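The structure under discussion appears below in the form of structure tokens.
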Amino acid sequence: MIKIKTFAIITCLMAVAACNQGAKEQDAEQKSGADTAAVNACVPSLEHKNFEDTIDGKSTGLYILKNKAGACAAITNYGGRLVSLVVPDKDGKPVDVVVGFKNVQDYVSSTEPYFGATIGRVGNRIAKGKFSLDGKTYTLFTNNGPNTLHGGKKGYQDVVWDASQPNDSTLQLKYLSKDGEEGFPGNLNITVLYTLAVNNALKIDYNATTDQKTVVNLTNHAFFNLNGEGSGTINDHVLQINADKYTPVDATLIPTGKLEAVEGTPFDFRQPTAIGKRIDTVSSQQLKNGSGYDHNFVLNENDPAALHEAAEATGDKSGIVMKVYTTEPGLQFYGGNFMQGKNTFKSGAKDDFRTAFCLETQHFPDAPNQKNFPSIILEPGKEYKTSTVYAFSVKGGK
């Protein structure tokens, strides 16, 4: 009798376990289906499974943010990248204004490593890959001619961030950049928070702390085309930058240290101006140095405690207006001068010359070596904190 009862109990337990396992599998299938539906609703060319991989022993994935106004963003934790950002145009049609790839391996193998990525430990260039803190010189990998660019050989665009999504409109990314990584001192604990607001504004909040004196300059390297990915040149976009001055550069794109007036130069975007209107000004040595626009603008307002409007860009075909707000003192305007048509975007279009542009909020390039530039030094016990907002609306339409 005891054996029969024991067998019956075991049989029941096995049945319960099987039911639980079946329920778990059904929940997983439903979640996978929901994920796929969310991705397809955002960008039909994206599939969640194409971003599921293992890189450096960590899992990668694709995360969808959405709001009730119909905007959505797709982000992968590989490089903390903005893969897609869909907002309505002047006729209410959804337009993907950020260029990107349809799978994670395309990002790994891309000849342009920075599409959509979170950039660090120090965004932009450091002259000759060297800087000093408290009398000690630190040597970095030089990956941009004689200089270090965007963190060195393996910047944050190539690492897998720890991701958590507390709700439909928010994604939190975390990364511990260890002492000595890419030559930088100090263990840097970083949190990046993406939030898609109801008014079609994407906010990016950056926070970091260190256990040793170090340098930090984080930014996002989204490439925009406000007419939509694959829609052709961005030279007819209209751009306004709230900057009376910019930082001229030498032939290796390192600032000379001067802050020069934009007035009377091709860098005067204080009034709305087509990006390509003065791009071929043959008398401009600065445009020759950058092969076009690849320069930092000194923003007129730079209160680190408050967001201020840095720039406004408008798609000439879509009527989509993007305003950039930031707490940063500088804005790097890059006009896609080094895009070479070697990579294929999620739409099937190539990354052709000047078919996307960047507005990277930041401290100034080569800040550790430029005493007159705002400091990017972070000390233990202090918090690195900065925010940027890309806000979208439309001009014209029905």
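The values are calculated or read from the model by the stated rules, or taken from the named source; none is laboratory data. What you see is a predicted model; the values in this text were computed from it and never measured. Backbone-built Cβ (ideal geometry, glycine too); neighbour counts: all protein chains shown.
Using beta carbons and a limit of 8 Å, which pairs, at least six apart or on different chains, have the first residue in the range 50-63 and closer than 13 Å to Y107 by Cα and among the β-branched types (V, I, T) and the second one modelled with pLDDT of 95 or more and in a strand (DSSP E or B)?
Within 8 Å, the pairs are I55/Y78; I55/V160; T60/D53; T60/T54; T60/T76; T60/Y78; T60/V160.
With the condition kept exactly as written, say whether any residue in the range 175-195 is closer than 24 Å to Q370 by Cα and among the aromatic types (F, W, Y).
yes
Which members of the range 281-307 meet the condition of being of a type in the set (S, T, N, Q) and under 22 Å from the mean Cα position of the chain (by Cα)?
Of everything in the range 281-307, those that are of a type in the set (S, T, N, Q) and under 22 Å from the mean Cα position of the chain (by Cα) turn out to be N296, N302.
Does the range 360-375 contain any residue that is farther than 16 Å from G290 by Cα, over 20 Å from the mean Cα position of the chain (by Cα) and among the hydroxyl-bearing types (S, T, Y)?
Within the range 360-375, one or more residues are farther than 16 Å from G290 by Cα, over 20 Å from the mean Cα position of the chain (by Cα) and among the hydroxyl-bearing types (S, T, Y).
Condition check ((1) out of contact with any helix residue (DSSP H, G or I) (no Cβ under 6 Å at 6 or more places or on another chain); (2) among the acidic types (D, E); (3) touching a residue at least 60 places away in the same chain (Cβ under 8 Å)) across all residues:
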{"position": "S110", "(1), (2), (3)": "yes, no, yes"}
{"position": "G120", "(1), (2), (3)": "no, no, yes"}
{"position": "K130", "(1), (2), (3)": "yes, no, yes"}
{"position": "D134", "(1), (2), (3)": "yes, yes, yes"}
{"position": "F141", "(1), (2), (3)": "yes, no, no"}
{"position": "G155", "(1), (2), (3)": "yes, no, no"}
{"position": "V160", "(1), (2), (3)": "yes, no, yes"}
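Please go through the range 73-126 and pick out each residue that is touching a Cys at 6+ places or on another chain (Cβ under 6 Å) and either buried (at least 24 other Cβ atoms within 10 Å of the Cβ) or at pLDDT below 95 (or both).
A74
Tally the residues that are crowded, with 20+ Cβ neighbours inside 10 Å, part of a strand (DSSP E or B) and of a type in the set (V, I, T), restricting the search to the range 357-393.
So the answer is 4.
Do we find a residue being modelled with pLDDT of 95 or more, over 20 Å from the mean Cα position of the chain (by Cα) and of a type outside the set (S, T, N, Q) anywhere in the range 226-234?
Scanning the range 226-234, I find at least one residue that is modelled with pLDDT of 95 or more, over 20 Å from the mean Cα position of the chain (by Cα) and of a type outside the set (S, T, N, Q), so the answer is yes.
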